[in-house]
Amino acid sequence: VRPQIEGFAADGAGYGIANYTTLGLKVIDAKITKCRHAYTGRNTVDVYLNRGIYSDVIDDHWADRFTAENVKVSSPAGTAAFQFAGNDVTLKDCSVSGFSRSFFAIRIDTPNLGGDVKITNPVFESLSTDDIYFFSFTTPNGSQTLPTFTNTPKLPDLLFIENITINSKASTIFLFYQGTTNKPISNYKNIILS
């Protein structure tokens, strides 16, 4: 409860919270700032972030049942504020500010995000003047830069996005962008935009 971490910004190791192979983690009222990634995880189950301020990115290489509620993320240019692989991600009342390119992205290095992805009452404020993406892969375009996948990327069974607020002067705003990958991919089974 109420962890305060500042200044872990080193390339490759700059994590405010590094959460690996855990079952059941709750972080409440965190203030994690000036980190390369405020939170990162790998092989985690049942993660819950409630309230708090995070900079730069909330990132999980594989999370099953990840929930963030009333979390504020400040992210730099070109980043995805939330980026995931895994199953069943829920974001409630979360906001993103700064120069972020994407609000939520599927990790392109591990392009597997299944189950239900539910995003309700999100606020996306980006100072970027380039194109921005609400929901995409971490590399929205540019098949030249994508890795070669050994398996077909997995997409959520349900993508539910409700009551979005986007404030930006970006040249183009993409709400939902499936992007380009090296191999054929299956489509989403259900997309609900409200």
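The values are calculated or read from the model by the stated rules, or taken from the named source; none is laboratory data. Remember, it's a predicted structure, so these values are computed and weren't measured experimentally. In this analysis, Cβ positions are derived from the backbone assuming ideal geometry, glycine residues included, and neighbour counts consider all displayed protein chains. Surface accessibility is based on the protein's heavy atoms, side chains included, excluding ligands, DNA and RNA. Shrake-Rupley method; radii C 1.70, N 1.55, O 1.52, S 1.80 Å.
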> Can you pull the Rg over Rh of segment 1-92, Cα-only, Kirkwood?
Replying inline: 0.92
> Which FRET efficiency value, to the nearest 0.05, is calculated for residue 178 and residue 10 with the Förster distance at 35 angstrom and r the Cβ-Cβ distance?
Replying inline: 0.55
>> If I model segment 1-45 as equal point scatterers sitting on the Cα atoms and use the Debye formula, what is log10 I(q)/I(0) at q = 0.24 Å⁻¹?
In response: -0.84
>> In Å², and per residue, what accessible area does the chain have when probed at 1.4 Å with the other protein chains present?
In response: 46
>> Once neighbouring chains are kept in place and the probe is 1.4 Å, which whole percent of the accessible area of the chain is contributed by carbon and sulfur?
In response: 49
> If we count every other residue with Cβ under 15 angstrom of residue 20's Cβ, Lys/Arg +1 and Asp/Glu -1, where does the sum land?
Replying inline: -3
> Counting alpha carbon pairs within less than 8 Å and at least 6 residues apart, what relative contact order, in whole percent, applies to the chain?
Replying inline: 14
> Å³ per residue of the Cα convex hull, for the chain?
Replying inline: 104
>> So for the chain, if I pair up every lysine 8 or more residues apart or on another chain, how many of those pairs have alpha-carbons under 25 Å apart?
In response: 21
